[in-house]
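Below is one structure; the comments refer to it alone.
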Amino acid sequence: PTLAAGFDFGLGRNLQRLVLRMELAWYTLKYEGRNHPGSPDSIHYKLKINNISPSISVLYNLVNYPNHKIYAGAGVTYNISSYPENNYFKRYGTSTSTITRSPFLDLEKGWLNVQAKAGYLINNKIEIAASTRIAGAFANFSAFELKPSIYFLNVYYHF
């Protein structure tokens, strides 16, 4: 789940076709991976990310009736992240001892990404939206990058 609060600012006239949205969201991501079951070694990695994410978006109302609006837009998000789980476990073959590394990776505390959003606003109160966050990396090492693609389906209530 995602908890979010924000403000919409209308830019211009004509039923405010262009909207600037400022939003603050909190969400958690979890990832857990294991190596192939046929491998003689046992490898297990767990990652949990807590994010506080302020964002700014420009939304354009494609359909702009007083009681129904359909919009699309783009924006930028700054993610402030903590990593309560960043654990790597490895056991060789039939060994009974496990190698544990925690934290396993040195991950960024703050990182940017781009977002795209589309939605439907009913009676200026209930909004159903889908969005994605792409083009950001919370780790950038010489051998690999961690670049999440995050997808959201949101239901908002406008006061």
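The values are calculated or read from the model by the stated rules, or taken from the named source; none is laboratory data. Remember, predicted model here, so these are calculated numbers, not experimental data. With ideal geometry, Cβ positions are generated from the backbone for all residues, glycine too; neighbour counts draw on all protein chains shown. SASA here: full protein model, heavy atoms, side chains in, ligands and nucleic acids out. Shrake-Rupley method; radii C 1.70, N 1.55, O 1.52, S 1.80 Å.
When a 1.4 Å probe is rolled over the protein heavy atoms, the share of accessible surface on the chain that falls to carbon and sulfur comes to 61 percent. Considering only the other residues whose Cβ falls under 13 Å of the Cβ of N79, what net charge follows from Lys and Arg at +1 and Asp and Glu at -1? Surrounding charge for N79 is +1. Looking at this model, which pairs from K48/K117; K69/K125; K30/K90 are more than 18 angstrom apart at the alpha-carbon? Among K48/K117; K69/K125; K30/K90, the Cα-Cα distance tops 18 Å for K48/K117; K30/K90. Largest accessible area first, the listed residues F144, F152 line up as F144, F152 when surface is computed with a 1.4 Å probe on the assembled protein chains. Summed over the residues of the range 77-145 and divided among them, the accessible surface reaches 57 Å² per residue at a probe radius of 1.4 Å.
Centre-to-centre separation between the Cα atoms of the range 58-127 and those of the range 18-41: 7 Å.
Remark: the L62-V114 segment gains 16.6 nm on full extension, using 0.36 nm per residue and subtracting the alpha carbon distance.
Going by accessible surface with a 1.4 Å probe and the largest first, D8, D106, D41 read D106, D8, D41.
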